[in-house]
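Novice: The structure under discussion is supplied below as structure tokens; questions concerning it will follow.
Read-outs throughout are calculated quantities, based only on the coordinates presented, and are distinct from any laboratory measurement. Everything quoted here is computed from the prediction, not taken from an experiment. Virtual Cβ from ideal backbone geometry, glycine too; neighbours counted across all protein chains shown.
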Amino acid sequence: MGLRWYHFVAWAGFVGFMFLLPELVSKGTLRIIIFANFLAVFAISWDVLSGRTGYVSFGHPFLIGIGAYTTAILTKRFDFPLELSIPIAVGVTMIGGLIVVLPALRIKGSYFALITLAYMELIYQLVQVVRPDLTGGTRGMSGLPTLTRGAVNGYYMSLTLMVIVAFSVWLVMRTRIGTALSAIGMNEEAVKGSGLSVTRLKLFAFLLSAMIAGLGGAMYVHYLGSIAPRALFDINFVFTIIVAALIGGASTTIGPIIGAFFLTFLLEYLRPYLPGAERYFIYGGVALLLYMYQPKGIYEIISRGWIKVRARS
Amino acid sequence: MSMSLTVTNLVKKFGGLTATNDLSFEIEAGQSVGLIGPNGAGKTTVFSQIMGEHRQTSGSIKLGTEEITNLSTPLRIRRGVSRTYQVPRPFSDMTVAKNIRVGLMPDSVLGMILNSPNRDRELELALSVGFSEDDLERTPAELSMGDLRKLEMARTMATDPKVLLLDEVFAGLTVAEIAMISDLVQKMRNDGMTFLIVSHDLKALEPLVDTAIAINYGSMISQGSYADVIASDEVRVSYLGEV
């Protein structure tokens with residue numbers, strides 16, 4: 001893995017700082033950070049699948065939605081405890097991941113992206129018309145059990161989730177599996193030509209991505225206490241996840257976290273000046289400029305800066 | 001350990017086009033064979049079928065005594081046959097060391113996660129194709145065509161092949177680079193590697209092969225010692241353009 005002492009110092013510093021944050025910022029800001037934490041989890045999940053292997057998914061809410069709806073239905077309709085419903089939701093989402101990997105065995109590029117978009121649209125329509133007595137139909141569900149109450153507890157819950165997911169993925173991706181997944185994104189044929197089963201590698205990436213999406217979706221729904229299909233299966237939500245991963249730094253674990261925080265705060269700070277959808281013009285413009293300047297994202301800008309500082313010292 | 005390669009009645013059709021037409025040959029363990037023919041003769045298609053990248057319409061392929069005709073590409077590589085490509089295929093954002101690392105990986109997710117990279121072997125492979133230790137951290141964008149071919153050789157050798165297929169391995173190389181790759185091939189021949197080599201650079205190819213096969217329109221037109229093949233009328237007309 002090539003772990004060094006400064007890796008642990010950096011992680012400990014990050015966690016320590018985040019842990020103390022409720023003492024430093026308002027509850028309003030904490031609520032924004034809670035969303036950023038969840039967005040970071042979704043962006044990391046997307047990145048494991050798309051940022052690494054190059055199989056760009058435009059339908060990630062398909063997986064998030066499976067996790068969210070599974071636990072919502074189990075708790076609301078069948079009185080399952082959260083300790084049971086959330087792991088089941090993660091398992092069901094991983095089965096959903098198998099459905100997503102199927103087209104990836106034969107097609108790639110824009111064709112794969114369109115199919116994932118179709119998956120999202122399909123589940124959006126299905127939850128509204130198939131068994132609305134279970135799914136809540138177009139209105140979704142409210143009054144779901146929540147994991148925590150209050151901004152501070154919600155913050156710690158989302159932070160714990162994000163840190164565990166990020167650290168675990170970071171560790172796994174530092175091994176050779178991370179190299180192999182990135183190699184698929186660069187040249188899938190050459191990976192086959194190196195004697196590796198790309199099907200097995202893609203299966204691993206898609207299942208890991210689905211596991212994180214399912215966990216994030218399930219925890220998010222039990223943070224909100226409600227689920228609304230229109231918000232969950234919204235194309236803007238898809239783009240927010242993708243842009244967070246891309247401008248933060250795709251094919252890295254830290255990049256999506258940076259991107260998620262950057263985007264969330266950008267949108268929130270624009271809100272007083274541009275309360276409507278105009279904010280998305282600025283958001284799109286900033287994303288475009290950043291992407292043009294450094295396609296590898298903010299993480300690359302920081303990395304290069306750090307290398308320069310080290311070279312000088 | 002050396003291995004033989006046996007191709008029997010290989011046929012490949014792309015719609016109405018017959019790219020490989022009832023081709024049969026055997027390369028004994030440790031032997032080196034040149035595969036020559038004009039552009040479009042079907043040389044690379046033969047390579048692709050041996051590697052399982054294209055499935056043959058009919059015919060069989062054996063590695064040693066094992067039938068590999070229906071195996072996937074990664075499984076064939078694990079059995080001991082590997083190839084290089086006309087256009088090198090590096091992993092563009094990875095260093096030389098990481099490119100070689102991919103070739104050294106076990107084909108198991110757990111194995112990849114639990115075991116550390118063998119950096120000594122990465123260095124050994126890099127040095128064996130003529131890289132220096134400093135080159136390990138260079139990226140493909142910084143490499144010349146010759147270096148890219150060396151990198152492809154190193155990654156291919158990392159899979160521990162017993163039979164190696166080299167496709168236009170001298171294309172785009174300087175005289176010095178051709179000499180370097182030739183030395184490497186000679187060294188591997190001495191170590192018992194079995195070779196099938198495609199090259200339009202006949203001058204560079206000649207000292208590297210024991211025998212040769214010439215094909216045109218997917219059919220074998222000559223087979224035997226290199227000198228006999230080059231001297232045959234069919235080869236002179238179809239490949240060398242002599243009448």
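Novice: As I understand it, the value is the acute angle between the Cα axis of helix B:145-158 and the longest principal axis of the Cα atoms of chain B; what does it come to in degrees, rounded to 10?
Specialist: 80 degrees
Novice: When Lys and Arg each count +1 and Asp and Glu each count -1, what net charge do the other residues less than 15 Å away from A:LYS27, Cβ to Cβ, add up to?
Specialist: Around A:LYS27, the surrounding residues sum to 0.
Novice: Given a Förster radius of 35 Å and the C-beta distance between A:ASP79 and A:LEU122 as r, what FRET efficiency does 1/(1 + (r/R0)^6) yield to the nearest 0.05?
Specialist: After rounding, the FRET efficiency stands at 0.75.
Novice: Okay, moving on. Roughly what would the spin-label model give for A:SER142 and A:PHE17, points 7 Å off Cα along C-beta, in nm?
Specialist: Going from the A:SER142 label point to the A:PHE17 one covers 3.8 nm.
Novice: Right, something else. Could you pull out the trypsin sites (Lys or Arg not before Pro) across segment A:148-215 that fall in loop regions by DSSP (anything but H, G, I, E, B) with no more than 14 other Cβ atoms inside 10 Å?
Specialist: Loop-located and lightly packed - A:ARG149.
Novice: Please report, to two decimal places, log10 I(q)/I(0) for segment B:91-142 at q = 0.25, 0.28 Å⁻¹ as given by the Debye formula with identical point scatterers on the Cα atoms and no solvent.
Specialist: Calculated log10 I(q)/I(0) at the listed q: -0.95, -1.08.
Novice: In what sequence do A:TRP5, A:TRP306 fall when counting other Cβ within 10 Å, fewest first?
Specialist: Going from least to most buried by this count: A:TRP5, A:TRP306.
Novice: What would the Debye equation give as log₁₀ I(q)/I(0) for segment A:183-224 at q = 0.23, 0.31, 0.34 Å⁻¹, counting only Cα atoms as equal point scatterers?
Specialist: Relative scattering, expressed as log10 I(q)/I(0), comes to -0.72, -0.97, -1.04.
Novice: Can you give the FRET efficiency to the nearest 0.05 for B:ASN70 and B:VAL175, using r as the Cβ-Cβ distance and R₀ = 35 Å? Each step should come with its number before you reach the end.
Specialist: Details: r = 43 Å, r/R0 = 1.22.
Efficiency for this residue pair is about 0.25.
Novice: Where in chain A are the DSSP H helices whose C-alpha atoms run 20 Å or more along the long axis and whose mean Kyte hydropathy is at least -0.5?
Specialist: Passing helices, by number: A:5-24, A:27-46, A:60-78, A:82-104, A:109-129, A:151-174, A:198-224, A:235-249, A:254-270, A:279-293, A:298-312.
Novice: In addition: Order these by the 10 Å Cβ neighbour count, fewest first: A:ARG52, B:ARG89, B:ARG236.
Specialist: By the 10 Å Cβ count, ascending, the order reads B:ARG236, B:ARG89, A:ARG52.
Novice: How much length is gained if the chain between A:LEU134 and A:ARG106 is pulled fully straight, taking 0.36 nm per residue apart and subtracting their Cα-Cα distance, in nm to one decimal?
Specialist: 6.6 nm
Novice: Taking the alpha carbon gyration tensor of segment B:31-188, what are the square roots of 5 times its eigenvalues, largest first, to the nearest whole Å? Display every interim value, and only then the final one.
Specialist: On the way: eigenvalues 131, 92, 36 Å².
In descending order, the three semi-axes are 26, 21, 13 Å.
Novice: So what is the 222 nm mean residue ellipticity for the protein assembly as shown from helices alone, if each DSSP H run of at least 4 adds -39500 (n - 2.57) and you divide by all residues, rounding to the nearest 500 deg cm²/dmol? Spell out each step's value before the answer.
Specialist: Details: 25 runs with 327 residues, N = 556.
Calculated from helices alone, the mean residue ellipticity at 222 nm is -18500 deg cm²/dmol.
Novice: Using only C-alpha atoms and all pairs of different ones, pull out the Kirkwood radius for segment A:26-234 in Å with one decimal.
Specialist: 17.5 Å
Novice: Turning to a different aspect of this structure: What are the extents of the Cα atoms of the protein assembly as shown along their three principal axes, in Å, largest first?
Specialist: Each principal axis gives a Cα extent; for the protein assembly as shown these are 87, 62, 42 Å.
Novice: Using only the alpha-carbon atoms, how far is helix B:119-128 inclined from the longest principal axis of chain B? Give it as 0 to 90 degrees, nearest 10.
Specialist: Taking Cα atoms only, the helix is inclined about 40 degrees.
Novice: Another question, then. Suppose R0 equals 56 Å. What FRET efficiency, 1/(1 + (r/R0)^6) with r the Cβ-Cβ distance, do A:LEU3 and B:ASP233 give to the nearest 0.05?
Specialist: Taking R0 as 56 Å, the efficiency between A:LEU3 and B:ASP233 is 0.25.
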